[in-house]
1. Do you know which of the residues in the stretch 206-233 that are surrounded by 12 or more Cβ atoms within 10 Å (Cβ to Cβ) and basic (Lys, Arg) is nearest to residue 132 (Cα to Cα)?
2. In this structure, is residue 126 under 15 Å from the mean Cα position of the chain (by Cα) and not acidic (Asp, Glu)?
3. With the requirement that a residue be within 30 Å of residue 209 (Cβ to Cβ) and surrounded by fewer than 14 Cβ atoms within 10 Å (Cβ to Cβ), what does the stretch 16-33 give you?
4. Pairs only if they're at least six apart or on different chains, beta carbon under 6 angstrom, first in the stretch 2-15 and farther than 14 Å from residue 84 by Cα and open to solvent by less than 80 Å² (accessible area, probe 1.4 Å), second assigned to a loop (DSSP other than H, G, I, E, B) and not β-branched (Val, Ile, Thr); list them, first residue then second.
5. Among (1) open to solvent by less than 90 Å² (accessible area, probe 1.4 Å); (2) out of contact with any Ser or Thr (no Cβ under 9 Å at 6 or more places or on another chain); (3) under 29 Å from residue 183 (Cα atoms); (4) in a helix (DSSP H, G or I), where does residue 48 come up short?
Amino acid sequence: MQDQLDALGTVRYEFFDGVHGRNEPDHYLFQKYCARRRAAVKGKSNPLKLSQLGCFASHYLLWERCIDDDAPIIVLEDDAVVLPCFADFYARAAALAGKHGFIWLNDSTKPTRQKDLILEQEGPFTLKKRMGVHTGAVGYLLTPSSARALLQYCSVWVYPVDDSMARFYDHKVESIVVQPPCVAHNDTFESTINEVVAKPRRSMADRLARESANLKDAVKRSLHNTRFYVGLKRREPARRLYQ
């Protein structure tokens, strides 16, 4: 990461020590995890692992830092590949933060077929509202107001951190993506924190709980997106919106 960022020449950055879940199993933030609520939506056979809790805590502490500093920040995980257009985005980040409280800098690690909603063009970048699911928190821009909303929503932990951040229909922090992406996930980077565990077979009860929760999420996401689209269409009726 240091080599990548130093090569850009103009990027101010600092390293932040993450939380290693397996080495710190009693970390105070892990008390926010609710196994009962997790089981209700994902089944008893799919709890969050210590590595996922450590990742969540690491991001959570940076959200607090964003508020303490009262300034927008860009968060990059340590397995991020900084793409050539990152420097251009960085130069425009302050202006974009004045209009969007949260921007994903990476493509979803699990692409969706659902089209995104075009919001604006900023130089070579297209800003879009993500209408579907986004996975992977490799890199993102965050403002203090959005950090407060995420912290309030994440007073109880049920989902992995990237899934929690992507639940815009619950916490109302819109899921905005930038195209082309500025960072990518390094698939060859060997993680030192992920736990390799065998996936247990899900019981029928677990599968029903998961499908029921997914259906409820799909309904809430669709209703939220419809309201967003109608509001945008009223403001700019002539613009081509989907891509």
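1. 221
2. Judged against the criteria, residue 126 is not a match.
3. 25, 26, 28, 31, listed by residue number.
4. none
5. (4)
The values are calculated or read from the model by the stated rules, or taken from the named source; none is laboratory data. These numbers were taken from a predicted model, which means no experiment stands behind them. Note: ideal-geometry Cβ built from the backbone for every residue, glycine included; neighbour counts use all protein chains shown. Please note that ligands, DNA and RNA were not included when accessible areas were found on the heavy atoms of the full protein model with its side chains. Shrake-Rupley method; radii C 1.70, N 1.55, O 1.52, S 1.80 Å.
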